[in-house]
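Asker: The structure under discussion is supplied below as structure tokens; questions concerning it will follow.
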Amino acid sequence: MNDIMVDKTTDLASAPQTSTLRQPSTLRQPRLPAWAPIGLVALSILLGCGIGVAAGLDSKIQWGLISAVLLVAITFALTAQVEGRRQAKDRLATSLVWICFLLAIVPLASLMYGTIDRGSKVLDGAFLSHSMNGVLTTQPGGGIYHAIIGTLEQVGIATLIAAPIGLLTAVYLVEYGRGKLAKAVTFFVDVMTGIPSIVAGLFILSLWIIILDFDYSGFAGAMALAILMMPVVVRSTEEMLKLVPNELREASLALGVPKWRTILKVVLPTAIGGITTGVMLAIARIAGETAPIVLLVFGEKVINNNPFEGAQSSLPFYIYEQWSLGNEASYDRAWAAALVLIAFVMILNLVARGIARWKAPKTGR
Amino acid sequence: MAKRIDVSGLTAYYGSHKAIEDISMTVEPRSATAFIGPSGCGKSTFLRTLNRMHEVTPGGRVEGKVMLDNENLYGSGVDPVSVRRTIGMVFQRPNPFPTMSIFDNVAAGLRLNGSYRKSELNDIVEKSLKGANLWNEVKDRLNKPGSGLSGGQQQRLCIARAIAVEPQVLLMDEPCSALDPISTLAIEDLIGELKERFTIVIVTHNMQQAARVSDHTAFFNLAAVGQPGRLIEIDETERIFSNPSVQATEDYISGRFG
């Protein structure tokens, strides 16, 4: 055995080319060049466009799909020929993953492009700082100040209601909950996650406005938003608290720290980054809700700073309102408001990431 | 400072599973007592019953008596929180609080239990870190996170955290099992110093370690898998390792076990 090994190595060292020809190495196999994937992508796009033009297909989407199918087929066939079946499967999976990634990106990118393109037309300082008071709906002008105020107040109140309740529910479920009550709470939180926003709106409508006879107000809308937000906060906080290692709780308890203080000073600070992210994402989710606002806040053209009395507007409601007016000037306003809403949600997400990074347990030396 | 522990007829359960049965022993003050025995024989469970950490586990419950000097830890009206303030614990894996600096980790037990002046805290932290032989290594970076230390340093940080609250008894659950020989040596030396002031109980799988650090050694065993663990014998360490009175102990120590 040893002899053969020695023989082989000397052979390889003295005449590598001839030996690989004579006796193919088991570790080296023919490979496609490094530029092959990019080349294949270019080739299949060219072919796809060529077929599209030749067949007279109008839709660019069809061109893209033909290119994608060609890319998968050509990559698989070529790799199977040159590199073997296992590598062919590997490249097949790689190209499928890339195509799926692109398919997921296309709607997002086109949405961003469309909103920025059309929304930036009327978006300026005046648009952000004026309401629709006294503006003819068919004329350009006006703004979204009243809608921004409405969204901030309604979302703010909803967060003030939902975040503490959600947080404490999650603490109960993870730290104290045993037995039937905890199971029931978990079940109802799951059910609440699936409540459609219009149902939450109808619930508050029947309870607050019809039975208790209060007026339409931003606060009524905020309550419906809080119902939608609560289960999201509970779920995300629960997951974050479960990630806190049990050793930390035991370490704190073994120091003679009471359980409530352990939760307050050790468990929550360890998870605070993730909890904040969860709350921010929940806020982002409710900031775009339209249905409860239509039912409960009623919409308003003038600035109403008081969320507890009278109708208010909000960004999603404003978009809906302007779009249904159906003229060029209102379309522009709707797009601009959509851009502001997206920016608002995006800023919230960035803030959440920032907080998560800032508050994450430190590992530096 | 240090107190004697008298255990009599102690049985501990996880739900309906009986983990240890009818254990009686005395742990002498100002000495180190080692628990040895095969995995799953209930050493750690027994250790955790000594400061009422066993009942933190869902379904954990205890029968019997644990007397700390003249007080039953499981008597009615005894607050487990004050028991744990008196009887500290160091765990198998180092577990410093990840959100806190080295200083805050050591001060955690004090801060979380009451208010102290800054100068008072400084003194206690320095004293505890010196007591845990860690002061020289960390004195210039007390504000850095505790999780940035090496495994051995983290474990000594945990010991410093435990002795900062001045417990009467210190329980250690395999404190060296995750550490290299040098860190192990550092902690063994530390145990030698700490037993001058505290009553120390240490669970270990390393029999040489038990022989090196402890004055008394208790051997635990279980009759068969699924059976509850029992105390086979407890005696002076020298006697256990040279001339044990039970055959099973000798078999275990000499490696002829099972």
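Asker: Kindly provide the set of residues from region A:289-305 that are touching a helix residue (DSSP H, G or I) at 6+ places or on another chain (Cβ under 8 Å) and open to solvent by 10 Å² or more (accessible area, probe 1.4 Å), ordered by number.
Answerer: Step one: list which residues in region A:289-305 are touching a helix residue (DSSP H, G or I) at 6+ places or on another chain (Cβ under 8 Å), which gives A:289-297, A:299-305.
A:E289, A:T290, A:A291, A:V294, A:L295, A:G299, A:E300, A:K301, A:V302, A:I303, A:N304, A:N305, listed by residue number.
Asker: Also, quick follow-up: Name every residue in region B:213-241 that is open to solvent by 50 Å² or more (accessible area, probe 1.4 Å) and assigned to a helix (DSSP H, G or I), in order of residue number.
Answerer: B:E238, B:R239, B:F241
Asker: Now for a different question. Which ones in region A:246-276 are within 9 Å of chain B (Cβ to nearest Cβ) and of a type in the set (F, W, Y)?
Answerer: Selection gives nothing.
Asker: Right, here's the next one. Cβ-Cβ under 8 Å, sequence separation 6+ or interchain: first residue in region B:98-114 and more than 8 Å from chain A (Cβ to nearest Cβ), partner β-branched (V, I, T). Which pairs?
Answerer: Filtered contacts from region B:98-114: B:I102/B:V138; B:F103/B:V125; B:V106/B:I124; B:V106/B:V125; B:A107/B:I124; B:A107/B:V125; B:L110/B:I124; B:L110/B:V165.
Asker: Another question, if that's okay. Look through region B:115-140, keep the residues that are open to solvent by less than 50 Å² (accessible area, probe 1.4 Å) and in a helix (DSSP H, G or I), and return whichever of them is farthest from the other protein chains (Cβ to nearest Cβ).
Answerer: B:W135
Conditions (1) surrounded by fewer than 13 Cβ atoms within 10 Å (Cβ to Cβ); (2) in the same structural domain as A:I319 (by TED's automatic domain parsing), marked per residue:
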| residue | (1), (2) |
| --- | --- |
| A:I74 | no, no |
| A:T79 | no, no |
| A:A109 | yes, no |
| A:D124 | yes, no |
| A:H130 | no, no |
| A:V135 | no, no |
| A:Q139 | yes, no |
| A:Q154 | no, yes |
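Asker: Every residue in region A:267-310 that is among the polar types (S, T, N, Q) and in a helix (DSSP H, G or I), please. Please lay out each step first, then the result.
Answerer: Keep residues of region A:267-310 that are among the polar types (S, T, N, Q), which gives A:270, A:276-277, A:290, A:304-306.
Answer for region A:267-310, where residues must be among the polar types (S, T, N, Q) and in a helix (DSSP H, G or I): A:T270, A:T276, A:T277.
Asker: From (1) at pLDDT 90 or above; (2) among the β-branched types (V, I, T); (3) not in a helix (DSSP H, G or I), pick out the condition that doesn't hold for A:V122.
Answerer: The single condition A:V122 does not satisfy is (1).
Asker: Specify the residue that is modelled with the highest pLDDT; the eligible residues are those in region A:83-92 that are farther than 13 Å from A:P37 by Cβ and open to solvent by 50 Å² or more (accessible area, probe 1.4 Å).
Answerer: Checked region A:83-92; the qualifying residue modelled with the highest pLDDT is A:K89.
Asker: Exactly one condition in (1) touching a Gly at 6+ places or on another chain (Cβ under 8 Å); (2) surrounded by 19 or more Cβ atoms within 10 Å (Cβ to Cβ); (3) more than 23 Å from A:A271 (Cβ to Cβ) is false for B:G109; which is it?
Answerer: Of everything listed in (1) touching a Gly at 6+ places or on another chain (Cβ under 8 Å); (2) surrounded by 19 or more Cβ atoms within 10 Å (Cβ to Cβ); (3) more than 23 Å from A:A271 (Cβ to Cβ), B:G109 misses just condition (3).
Asker: Another one. Is there a residue in region A:312-330 that is among the aromatic types (F, W, Y), in contact (Cβ under 8 Å) with a residue 60 or more places away in the chain, more than 30 Å from B:L110 (Cα to Cα) and crowded, with 22+ Cβ neighbours inside 10 Å?
Answerer: Yes: one or more hits.
Asker: Considering region B:214-246 alone, what residues qualify as being hydroxyl-bearing (S, T, Y) and more than 24 Å from the chain's Cα centre (by Cα)? Even if it seems obvious, please write down each step before you answer.
Answerer: In the first step, residues of region B:214-246 are kept if they are hydroxyl-bearing (S, T, Y); the result is B:214, B:217, B:237, B:242, B:245.
Once the filter is applied, which keeps residues that are hydroxyl-bearing (S, T, Y) and more than 24 Å from the chain's Cα centre (by Cα), region B:214-246 yields B:S242, B:S245.
Asker: Of the conditions (1) without any contact (Cβ under 8 Å) to a residue 40 or more places away in the chain; (2) under 21 Å from B:I5 (Cα atoms); (3) open to solvent by less than 50 Å² (accessible area, probe 1.4 Å), B:P244 clears all except one; give me its number.
Answerer: Against the list (1) without any contact (Cβ under 8 Å) to a residue 40 or more places away in the chain; (2) under 21 Å from B:I5 (Cα atoms); (3) open to solvent by less than 50 Å² (accessible area, probe 1.4 Å), B:P244 comes up short only on (2).
Asker: Looking at this structure, is B:V90 in contact (Cβ under 8 Å) with a residue 40 or more places away in the chain and open to solvent by 20 Å² or more (accessible area, probe 1.4 Å)?
Answerer: Judged against the criteria, B:V90 is not a match.
Asker: Filter region B:50-82 for residues that are in contact with an Asp or Glu (Cβ under 8 Å, 6 or more places away or on another chain), closer than 15 Å to B:T11 by Cα and hydrophobic (A, V, I, L, M, F, W, C); which is farthest from the other protein chains (Cβ to nearest Cβ)?
Answerer: Here the residue is B:M67.
Asker: Just to confirm my filter: which helices (runs of 4 or more DSSP H) fall fully inside region A:201-266 and include at least 1 residues that are hydrophobic (A, V, I, L, M, F, W, C) and open to solvent by 30 Å² or more (accessible area, probe 1.4 Å)?
Answerer: Working: elements: A:218-243, A:246-254, A:259-262.
Output list reads A:218-243, A:259-262.
Asker: Suppose we keep only residues that are open to solvent by less than 40 Å² (accessible area, probe 1.4 Å) and charged (D, E, K, R) within region B:35-65. Which one would you say is farthest from B:I87 (Cα to Cα)?
Answerer: Checked region B:35-65; the qualifying residue farthest from B:I87 (Cα to Cα) is B:K43.
Asker: If you go through region B:154-167 one residue at a time, do you hit one that is in a helix (DSSP H, G or I), touching a Gly at 6+ places or on another chain (Cβ under 7 Å), over 15 Å from A:A251 (Cβ atoms) and not hydrophobic (A, V, I, L, M, F, W, C)?
Answerer: no
The values are calculated or read from the model by the stated rules, or taken from the named source; none is laboratory data. For clarity, every value in this text was computed on a predicted model and none was experimentally measured. Glycine gets a Cβ as well: all are built from the backbone with ideal geometry, and neighbour counts include every protein chain shown. What goes into the accessible areas is simple: the full protein's heavy atoms, side chains included, and nothing from ligands, DNA or RNA. Shrake-Rupley method; radii C 1.70, N 1.55, O 1.52, S 1.80 Å.
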